[in-house]
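See structure below.
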Amino acid sequence: MARIALDAMGGDFAPVAPVGGALLALAELGAEHRIQLIGRVAEVTAALEVAFAGDYAAQATHRDRIDVIDAPEIVGMAEKPTAVMRRPNSSMAVGLRRHAEGLADAFVSAGNTGAQMAASVQLLGLHGGLKRPAIGTIFPTALQPVVVLDSGANVDCSPEELVHFARLGLVYAEDIMGRSNPAVGLLSIGEEPAKGNAVVKATHPLLVATGLHFVGNIEGRDVAAGRCDRGPFDVVVCDGFTGNVILKFYEGLAPILIGMAAQAAGADPKELMKGLAHLDYSNYGGAPLLGVRGVSIIAHGSSSPRAIKNAVIVAVRAADSGMSEHIGRRLGGTD
């Protein structure tokens, strides 16, 4: 059984999107799973009533699997990350604290990303040997999805941190993506070991020495292809600045290409998008903050109910698979 604490006040469309996403998730998950909606009780309860009276009437049977937990404060999307620590009664702080205290098995939020990272590190802590966590984001490719990390948590990274990210990504690829013996690629400006900036060039020999399934340097075009000249890969390692730029490029490029193709073919963009659903970020739910002692899932701020649903499902998989414990063993050299 997984108990998911969901920030009902986080995101651009809260509490409507989190409430809708919770109901959609419960409809797909087994009866043993529960969702804790964390937020202002009156607003969350009102959103539930509207949902049951409208688009989510069919999900009314799942009401007894929802717990509404009061959290009167909110951390705004534009506030500094430290704001969450000044508001212990915010939906984000309450949800993460419940997870830390064993009252929930995972936490999901579409709220302030920086605040969630700061609070996750403060309340959950990091696995031994880590200085910073990394955001692992699923990217669609021409072959199969890959996980890219870091995709925004750490702008600047040391070679040692990039090696840690490789280990974190491998566990995610194994436990959540179901990959056997996943391969790692180091994002650079050329496939040769001597190419890249000083950090990338110093990281390459360290990854070779780990004994991991390392395919070497990969280039930006390889990410979209899902493979390089030396074969396919499952994990892409880079600093958070580079990873976030690629992420935003991906998100912006898909609708532009679909719109251009639809215009050229005289087709409905919505119909064309159905055939390219794998390019839609909402299909992949949230991105886990890897390295913290627990499961903290970061969802897109503009997440729809469908995207929230998928983020909750990712959280359930991470909790049920023991992903955080697996990371601890991998970093400790016992796995």
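On the principal axes of its Cα set, how long, how wide and how thick is the range 131-281? Give whole Å, largest value first.
Principal-axis extents of the Cα atoms in the range 131-281, largest first: 53, 30, 30 Å.
Quick check: residue separation of Val41 and Met260 times 0.36 nm, minus the Cα distance between them. What number comes out in nm?
74.4 nm
Once you have the Cα-Cα distance between Phe249 and Arg230, take 0.36 nm times their residue separation minus that, and quote the gain in nm to one decimal.
That pair, Phe249 and Arg230, stretches by 4.3 nm at full extension.
Counting each DSSP H run of 4 or more residues in the chain as -39500 (n - 2.57), what helix-only mean residue ellipticity at 222 nm follows after dividing by all residues, to the nearest 500 deg cm²/dmol?
After summing the helix terms and dividing by the residues of the chain, the value is -13500 deg cm²/dmol.
How far apart, in nm, are the 7 Å Cα→Cβ label points at Ala78 and Gln122?
2.2
Counting only pairs 8 or more residues apart or on different chains, how many lysine pairs in the chain have their Cα atoms under 23 Å apart?
Taking the chain as the scope, the lysine pair count is 8.
With label points built 7 Å along Cα→Cβ from the Cα atoms of Ala198 and Asp70, find their separation and express it in nm.
Using points 7 Å along Cα→Cβ, the separation is 5.5 nm.
Could you give the size of the charge dipole of the range 131-281 about its Cα centre, using +1 on the Cβ of each K and R and -1 on the Cβ of each D and E, expressed in debye and rounded to the nearest 20?
Dipole of the range 131-281, to the nearest 20 debye: 40 debye.
Using 0.36 nm times the number of residues separating Leu206 and Val50, minus their current alpha carbon distance, what extension gain do you get?
50.7 nm
For a protection proxy built on the mean count of beta-carbon atoms within 10 angstrom, sort 108-119, 182-193, 66-77, 304-315 highest first, please.
Put in order of decreasing packing, that is 108-119, 304-315, 182-193, 66-77.
Run through the DSSP bridge list for the chain and note the antiparallel percent, rounded to the nearest 5.
Here the antiparallel bridges make up roughly 25 percent for the chain.
Starting from the 7 Å offset along Cα-to-Cβ, what nm value, one decimal, do you get for the label separation of Ala60 and Glu101?
3.4
Work the Kirkwood hydrodynamic radius out for the chain: mean of 1/r over every pair of different alpha-carbon atoms, inverted, in Å.
Answer for the chain: a Kirkwood hydrodynamic radius of 20.3 Å.
Roughly what % antiparallel, to the nearest 5, for the DSSP beta bridges in the range 131-281?
If we restrict to bridges inside the range 131-281, about 35 percent are antiparallel.
Placing +1 at every Lys and Arg Cβ and -1 at every Asp and Glu Cβ, with all other atoms neutral, what dipole size does the chain have around its Cα centre, in debye to the nearest 20?
Using only the charged Cβ atoms, the result is roughly 340 debye.
Non-local amide H neighbours of Val75 (under 5 Å, H modeled in plane, Pro and chain starts lacking H): which ones?
Ser91, Met92
Once amide H atoms are built 1.01 Å from N in the peptide plane, which residues 5 or more positions from Phe214, or in another chain, come under 5 Å H to H?
For Phe214, whose amide H was placed from the backbone, the distant partners under 5 Å are Val184.
No lab work stands behind these numbers, since they all come straight from the coordinates. Source: prediction; values computed, not measured. Heads up, the Cβs are rebuilt from the backbone with ideal geometry, glycines too, and the neighbour counts pull from every protein chain shown.
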